[in-house]
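Contents: one structure, followed by commentary.
The values are calculated or read from the model by the stated rules, or taken from the named source; none is laboratory data. Predicted model only: the values in this text are computed from it and were never measured. Positions of Cβ are generated from backbone atoms using ideal geometry, with glycine treated the same way; all protein chains shown enter the neighbour counts. In case anyone asks, the SASA skips ligands and DNA or RNA and just uses the protein heavy atoms, side chains included. Shrake-Rupley method; radii C 1.70, N 1.55, O 1.52, S 1.80 Å.
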Amino acid sequence: MENQYNEQRRPAGTGNRFWRIWSPFLINWGIGTAAGIAAMTGFMTVYMAAHSIDMVSIYQDQEAVMKLVEKVTEIMLQYTTEIQGMAALITIPVMAFLYYRDRKREKLSGVIPNKKAPAVMYIPMLVMAGMLNIVLNNLIMIGGLSNYSREYVETSEAFYSASLGMQILCLGLLVPIAEELVFRGLMYRRMREDTGIVVSVFYSALVFGLFHGNLVQRIYGMAMGLMLAYVCEKYGSVKAPIAAHIMVNMVSILVTYFDIYNRMLSDILIAGPAAVACAVIVSCMFLLVQRIDEKPEIPDENKSSCPEPKS
């Protein structure tokens, strides 16, 4: 599955390699932080105006300032999904520009990309992604991991408190596109040039998991990160992990909206077999995906481009 690169690599020192690999993550983090600050400023301004709070006088009372910040933070939590969507909407064009610039550089350097998988093979990949989501969430709930992380419960409640349409737009579409451009389209592919595929798959999955804010989401994120990096490599395009990530998030949104997990967990005789059945489906779909031949077709340099004369 290893990509075949020629010897024409961009010379870079340690500092340049670090910036090249980590800059997409840092830019994404900066955009997310700026979006949060902008949202906090906006909510605070509106709240103070609605309650006729004088900015000069309140800042002379430290206790009043703390109460104001606490109140505005509570309001912001109700709009977590919208803030995430706004940050992703800004991130997507920035990362898309960097992604296509990388592809142009590879083409000029003579890098031969992996073959693109046929469109029909996206079906088993999407089924695998959706079922893996159900398997992991069932294991988390059956194992009671969610009970050990209050932050996980609060984050889930904040994300899924938005309207269904807003969840689909922000969490189901914008966030997956932005994250895949950052983690698979840029970080993974850039790491792969220096460290090879195996190391890059595990390292990018680790970073993707740690990017999420609590222990349960980190474990879940690492597992999903492994699958998404593998899909990116097998399908030869960032479109594949984007599609898989969208499927994963859509399944989470819908099963949460219709309270399917809680219904399953109400009876262990349902939850256990359901997890096993989904795991079997994941395994079958993985075997189909594994059969994809992604290896690039290396031209034979020994052959002349001109036809041999007939005798």
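Within segment 45-56, residues that are closer than 15 Å to Met76 by Cβ sit with their Cβ atoms under 9 Å from residues that are open to solvent by less than 80 Å² (accessible area, probe 1.4 Å) and assigned to a loop (DSSP other than H, G, I, E, B), at 6+ positions apart or across chains, in these pairs: Tyr47/Ile53.
This table checks each residue for (1) in contact with a helix residue (DSSP H, G or I) (Cβ under 9 Å, 6 or more places away or on another chain); (2) surrounded by 11 or more Cβ atoms within 10 Å (Cβ to Cβ).
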| position | (1), (2) |
| --- | --- |
| Gly32 | yes, yes |
| Ile37 | no, no |
| Ala50 | no, no |
| Ser57 | yes, no |
| Gln60 | no, no |
| Val65 | yes, yes |
| Leu77 | yes, yes |
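Of the residues making up segment 200-215, those that are within 28 Å of Glu154 (Cβ to Cβ) and crowded, with 22+ Cβ neighbours inside 10 Å are Ser204, Ala205, Phe208. The set of residues in segment 228-254 being open to solvent by 20 Å² or more (accessible area, probe 1.4 Å) and either outside any helix (DSSP H, G or I) or not aromatic (Phe, Trp, Tyr) (or both) consists of Lys239, Ile242, Ala243, Ile246, Met247, Asn249, Met250, Val251, Leu254.
For segment 194-227, the tally of residues that are assigned to a helix (DSSP H, G or I) and either free of Cβ contacts under 8 Å to residues at least 24 places away in the same chain or out of contact with any helix residue (DSSP H, G or I) (no Cβ under 9 Å at 6 or more places or on another chain) (or both) stands at 10.
When every residue of segment 109-116 is checked against the conditions, at least one turns out to be among the charged types (D, E, K, R), surrounded by fewer than 19 Cβ atoms within 10 Å (Cβ to Cβ) and in a loop (DSSP other than H, G, I, E, B). Take Ile83 and decide whether it is β-branched (Val, Ile, Thr), within 26 Å of Gly165 (Cβ to Cβ) and open to solvent by less than 90 Å² (accessible area, probe 1.4 Å). When the stated conditions are applied, Ile83 passes them. Scanning segment 255-280 for residues that are part of a helix (DSSP H, G or I), free of Cβ contacts under 8 Å to residues at least 12 places away in the same chain and either among the hydrophobic types (A, V, I, L, M, F, W, C) or at positive phi (or both) turns up Ile260, Leu269, Ile270, Val276, Ala277, Val280. For segment 142-187, a residue qualifies if it is charged (D, E, K, R), open to solvent by 30 Å² or more (accessible area, probe 1.4 Å) and within 15 Å of Tyr220 (Cβ to Cβ), and exactly one does: Glu151.
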